[in-house]
Amino acid sequence: GAVVSQHPSWVICKSGTSVKIECRSLDFQATTMFWYRQFPKQSLMLMATSNEGSKATYEQGVEKDKFLINHASLTLSTLTVTSAHPEDSSFYICSARSGRIPNEQYFGPGTRLTVT
Amino acid sequence: SQQGEEDPQALSIQEGENATMNCSYKTSINNLQWYRQNSGRGLVHLILIRSNEREKHSGRLRVTLDTSKKSSSLLITASRAADTASYFCAPYNTDKLIFGTGTRLQVFP
């Protein structure tokens, strides 16, 4: 149990376009979802925390108008990178937390974004 | 920030040897978790140790936690080439996981 999926696995887009990444909890309800970004050979950096039905809370230095997060249901959160630029190329990983087991987060397999 | 900091940053060993990674953090925690990440892949949860525990085992993994020193260690015994990966500690308080800098482990056959 506790499976989190992401779609797509990888995406290549042109500079200036927007890209949407989906994160789904497949067998549990995720009251909270988290979005992380990871640059090559670096650690995961938390971008934002989203609770179902409310606005996301962004970490310091993360532009909320550039990284739009929607958590409209208990099993789906989306991250939209708007007007993507090459410096947004990164590995984006989501994780989900069940309200039932608050201490544990379950991670998706990640989405590799390349902006050309 | 309660980000963990790991050392060493990188470690190379031969198969069969033990690998030890250390993690230090700054604030109080509910638990501390260790994850593995193979290159370019997602995270694999290895083990969770609660703040009232001092040691925990899982297969070839042994984790210790010293809350007075705000530190934890991960020991992998009898390492295998398949253990080659990056390892992250993640201190956890009531709301979110913040990842440490990671240790890149390479195990040579």
The distance between the Cα centres of segment A:1-28 and segment A:61-76, in whole Å, is 12
Counting only DSSP beta bridges with both residues in chain A, what percent are antiparallel, rounded to the nearest 5? 90
Provide the descending list of Cα extents for chain B along its principal axes, expressed in whole angstroms. 40, 27, 20
Taking 8 Å as the Cα distance limit and 6 or more residues as the minimum spacing, I'd like the relative contact order of chain B as a percentage. 39
Note, ³J(HN,Hα) from phi for segment A:8-19, Karplus 6.51, -1.76, 1.60, rounded to Hz, x at Gly and Pro: x, 6, 8, 8, 10, 9, 8, 4, x, 8, 10, 10
Residues with amide H under 5 Å of A:A2's amide H, sequence separation 5 or more or different chain, H placed in the peptide plane at 1.01 Å from N; which? A:D27
Beta carbons within 10 angstrom, averaged per residue: use that to sort the peptides B:28-40, B:58-70, highest first. B:28-40, B:58-70
Mind listing the phi-derived Karplus ³J(HN,Hα) values for segment B:95-103, rounded to whole Hz, using 6.51, -1.76 and 1.60 with θ = phi - 60°, and x for any glycine or proline? 10, 7, 9, 10, 8, x, 6, x, 10
Please go through segment A:54-116 and write out the GluC sites (Glu not before Pro) that DSSP classes as loop and that have at most 10 other C-beta atoms within 10 Å. A:E63
Tell me, which cysteines of chain A are without a disulfide-compatible partner by the Cβ under 4.7 Å rule? A:C13
What are the ³J(HN,Hα) couplings of segment B:19-29, residue after residue, when phi is run through the Karplus curve with 6.51, -1.76, 1.60 and θ = phi - 60°? Round to Hz, x for glycine and proline. 10, 10, 10, 10, 9, 10, 9, 10, 10, 5, 9
Could you grab the relative contact order for chain A? Cα pairs under 8 Å, six or more apart, rounded to a whole percent. 37
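Readers should treat all values here as calculations from the given coordinates under stated rules, not as data from a laboratory. Treat the numbers as computed from the prediction; the structure is a model and nothing was measured. Quick reminder, even Gly has a Cβ in these numbers, built from the backbone with ideal geometry, and neighbours come from all protein chains shown.
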